[in-house]
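Comments concern the structure below.
The values are calculated or read from the model by the stated rules, or taken from the named source; none is laboratory data. Given the structure is predicted, the values throughout are model-derived calculations rather than measurements. Using ideal geometry, Cβ is built from the backbone for each residue, glycine included, and neighbour counts are taken over all protein chains shown. Heads up: the accessible areas ignore ligands, DNA and RNA and are worked out on the full protein's heavy atoms, side chains in. Shrake-Rupley method; radii C 1.70, N 1.55, O 1.52, S 1.80 Å.
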Amino acid sequence: METNETGSYSLLELLGSIAPTSAEYQQRLAEQLLTEALPMRHHLIREGDICRRLYFVESGLIRSYHVDDYGNECTNWFLGQGDLACAVTSFFGQKPSLENIEILQESVLVSITWNQLNALYADFAEANLIGRIITQKYLVFATEIYMQRHTPKIMARYANLLKQHPHIEQLTTQGNIASYLGITRETLSRLKAETLRNREKQL
């Protein structure tokens, strides 16, 4: 899902763009949503914790990563402004997480708990419709990311990342980007240089 890591974006704007929402539904959300300004390197969830909240990124950038058998951090995804995020298997299964979720840039996040979300589903028809549409979008998004990350063409992988997050080079480390692409930092440096040369040729 293409994101823009600048400015802010309201969760109510997102939900209202999907389906009409009643005043009662909006009031319930206003009472229950938690808004937090969180610093760089703060962890929303660590491996082994149970993810209790679903987060909306109003501004900023976050990532998911796991640690492999050799102790290396492997980035699973980046999400920014306008995205919803959680440790999926942990949140929906309410079981220990297999991943870590870290704040990469100072972020404003709006969140709701598992119990609150399910109460909304029980009490409001529009909550079920919105939830279904969002779930479908993120299933498509996850499938596209999986296919993009497993293309044998490294340059295509890098180009797809830049399309999804145009400012990613300024917002996180080369190590995080390289681990997401499944390459070394040296290979990433060569990709950046080649991309720059190609842009210069087009001028």
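Structure notes:
- Contact order normalised by residue count of the range 2-149, Cα under 8 Å, 6+ apart, percent: 32
- R0 of 35 Å, Cβ-Cβ distance residue 195-residue 119: FRET efficiency to nearest 0.05: 0.15
- Each principal axis of the Cα cloud of the chain was evaluated for its coordinate range; sorted largest first, these ranges are 56, 42, 30 Å.
- The GluC sites (Glu not before Pro) of the range 1-96 that meet both conditions, a loop assignment by DSSP and at most 13 other Cβ atoms within 10 Å of the site Cβ, are 2.
- Within the accessible area of the range 56-115, the carbon and sulfur atoms contribute 52%, probe 1.4 Å, all protein chains present.
- Coupling constants for the range 44-54 follow from the phi torsions by the Karplus curve (6.51 cos²θ - 1.76 cosθ + 1.60, θ = phi - 60°), and in residue order they are 6, 8, 10, 3, x, 6, 9, 6, 9, 10, 9 Hz; glycine and proline get x.
- Surface accessible to a 1.4 Å probe, per residue, for the residues of the chain, Å²: 55
- Virtual spin-label span in nm between residue 66 and residue 24, 7 Å along Cα→Cβ: 4.2
- Placing pseudo-labels 7 Å out from each Cα toward the beta carbon at residue 35 and residue 138 gives an inter-label distance of 2.2 nm.
- Which listed pairs, of 95/153; 137/163; 137/192; 95/137, have C-alpha distances above 27 Å, in listed order: 95/153; 137/192
- Theoretical gain in end-to-end length, residue 42 to residue 184 [0.36 nm per residue, Cα-Cα removed]: 48.6 nm
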